[in-house]
Amino acid sequence: MIRALALSAALLSTVALSAEPKVHTVKIEGMKFVPEKLTVKKGEVVVWQNADLVPHTVMGGPIMSPVINAGATFRWTADKAGAHDYMCTLHPNMRGAVTVK
Amino acid sequence: LLKKLLVAAVLSSVTAFAADTKAAKATGPTDPQIAHIAVTANQIDVDAAKQALEKSKNEKVRQLAQSMVDDHTSVIQQATELVTKLKVTPEDNDTSKQLKAGGDKAKAEIGAKSGEEFDRAYVANEVAYHEAVIDAVHKVLIPNAKNKELKALLQKVEPVLHKHLEHAKMLQKELAAK
């Protein structure tokens, strides 16, 4: 009985460990990153969702997206700690930042 | 003198456009006409940008032109998808015709120049053209659009045009300082 309990506890903790990391969404809308600034924990995921009519990019430090077409998304795992400023290389003055703690 | 002629040509096409948009507002363009005007206005800027990509050697001018091709092509694609879904057939009209004629004229005049003179003329036209189009989208196309989805699409175009204007103005300043 005790053994069975211990086993199921072990199984549960395995499930908890392999759970999906938290996902944060940055919407690209109205030629802006919303939210412009975001703080996440190391290992979490940031998804940029392009809700604009035109293509964008997300580039800065360790974040290097391909061209994200209208309606498409870009997923990045925050694996490097620090403050990462990024920009859209296609549109000047379109900036954002992700801080990874 | 050439510069003055160009400015006059740009101004006259913009004025014609503005005058025409006033006329359109009085009668009110229909949704099929609005769809046609939107696609035409985007296409004119794509054509102007393609010419700039052929002629300009300035990296920043080429970057602006490439953004214009990519962005306006993307807008046309989504506008086309929407009108297809809505079963709206874009209808040619006087505003579209005047826009097209103005675009062709500006393209020919700018295309006759070369080097830095071409770069400055292209960028100056981008500034004037986007200002005129923003005005038309804001004051004529959006208020007259009946279909909610068409109106929403035009509202999404506005910030794109503002960003393009900002980009072109920034570059215009840089080229003037050279």
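The values are calculated or read from the model by the stated rules, or taken from the named source; none is laboratory data. Remember, predicted model here, so these are calculated numbers, not experimental data. Glycine gets a Cβ as well: all are built from the backbone with ideal geometry, and neighbour counts include every protein chain shown.
Restricting attention to the range A:35-71, which residues are under 18 Å from B:Q155 (Cα atoms) and part of a strand (DSSP E or B)? Let's see the steps before the verdict.
First pass over the range A:35-71, keeping only residues under 18 Å from B:Q155 (Cα atoms): A:50-55, A:70-71.
Correct list: A:N50 only.
Name, by its number, the condition in (1) modelled with pLDDT of 95 or more; (2) surrounded by fewer than 15 Cβ atoms within 10 Å (Cβ to Cβ); (3) of a type in the set (A, V, I, L, M, F, W, C) that does not hold for B:L64.
(2)
Do the conditions hold for A:P21, that is, is it over 22 Å from B:K163 (Cβ atoms) and either in contact with a helix residue (DSSP H, G or I) (Cβ under 9 Å, 6 or more places away or on another chain) or at pLDDT below 95 (or both)?
Working: over 22 Å from B:K163 (Cβ atoms): yes; either in contact with a helix residue (DSSP H, G or I) (Cβ under 9 Å, 6 or more places away or on another chain) or at pLDDT below 95 (or both): yes.
It is true that A:P21 is over 22 Å from B:K163 (Cβ atoms) and either in contact with a helix residue (DSSP H, G or I) (Cβ under 9 Å, 6 or more places away or on another chain) or at pLDDT below 95 (or both).
Answer yes if at least one residue in the range A:72-94 is modelled with pLDDT of 95 or more, under 30 Å from B:Q155 (Cα atoms) and in contact with a Cys (Cβ under 7 Å, 6 or more places away or on another chain), and no otherwise.
Among the residues of the range A:72-94, at least one is modelled with pLDDT of 95 or more, under 30 Å from B:Q155 (Cα atoms) and in contact with a Cys (Cβ under 7 Å, 6 or more places away or on another chain), which makes the answer yes.
Would you mention how many residues in the range B:37-63 are in contact with a Ser or Thr (Cβ under 9 Å, 6 or more places away or on another chain) and of a type in the set (K, R)?
2
Residue by residue through the range A:20-34, note down the ones that are among the β-branched types (V, I, T) and within 13 Å of B:P159 (Cβ to Cβ).
So in the range A:20-34, the residues among the β-branched types (V, I, T) come out as A:23, A:25-26, A:28, A:34.
Across the range A:20-34, the qualifying residues are A:I28, A:V34.
In the list B:A136, B:A152, which residue meets the criterion of being within 14 Å of chain A (Cβ to nearest Cβ) and either touching a helix residue (DSSP H, G or I) at 6+ places or on another chain (Cβ under 9 Å) or modelled with pLDDT of 95 or more (or both)? Show your work before the answer.
Numbers: B:A136 fails: within 14 Å of chain A (Cβ to nearest Cβ).
The conditions single out B:A152.
Which one of the conditions (1) farther than 17 Å from B:V46 by Cα; (2) surrounded by 15 or more Cβ atoms within 10 Å (Cβ to Cβ) does B:P143 fail to meet, given that it meets all the rest?
Evaluating B:P143 over (1) farther than 17 Å from B:V46 by Cα; (2) surrounded by 15 or more Cβ atoms within 10 Å (Cβ to Cβ) leaves (2) as the failure.
So for the range A:20-29 (the condition being surrounded by fewer than 19 Cβ atoms within 10 Å (Cβ to Cβ), within 11 Å of another protein chain (Cβ to nearest Cβ) and acidic (D, E)), does at least one residue qualify?
Taking the range A:20-29 first, the residues surrounded by fewer than 19 Cβ atoms within 10 Å (Cβ to Cβ) are A:20-25, A:27, A:29.
Next cut, within 11 Å of another protein chain (Cβ to nearest Cβ) only: A:29.
Those still in the list that are acidic (D, E) too: A:29.
Yes: one or more hits.
Quick grid of which residues meet (1) in contact with a Pro (Cβ under 9 Å, 6 or more places away or on another chain); (2) crowded, with 17+ Cβ neighbours inside 10 Å; (3) within 14 Å of chain A (Cβ to nearest Cβ):
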| site | (1), (2), (3) |
| --- | --- |
| B:E81 | no, no, yes |
| B:D94 | no, no, no |
| B:G102 | no, yes, no |
| B:A106 | no, yes, no |
| B:A112 | no, no, no |
| B:E117 | no, no, no |
| B:A128 | no, yes, no |
| B:A132 | no, yes, no |
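Kindly evaluate B:L53 against the criterion of being touching a Lys or Arg at 6+ places or on another chain (Cβ under 7 Å), closer than 21 Å to A:C88 by Cβ and at pLDDT 95 or above. Show your work before the answer.
Numbers: touching a Lys or Arg at 6+ places or on another chain (Cβ under 7 Å): yes; closer than 21 Å to A:C88 by Cβ: yes; at pLDDT 95 or above: yes.
Against the criterion (touching a Lys or Arg at 6+ places or on another chain (Cβ under 7 Å), closer than 21 Å to A:C88 by Cβ and at pLDDT 95 or above), B:L53 qualifies.
Return the pair list, or none, for Cβ contacts closer than 6 Å from residues in the range A:14-33 that are part of a helix (DSSP H, G or I) to residues that are at pLDDT below 95, at least 6 apart or on different chains.
none
Can you tell me which residues in the range A:72-91 are touching a Gly at 6+ places or on another chain (Cβ under 8 Å) and not in a loop (DSSP other than H, G, I, E, B)? Even if it seems obvious, please write down each step before you answer.
Filtering the range A:72-91 for residues touching a Gly at 6+ places or on another chain (Cβ under 8 Å) gives A:77-80, A:82, A:84-87.
Matches in the range A:72-91: A:T77, A:G82, A:H84, A:D85, A:Y86, A:M87.
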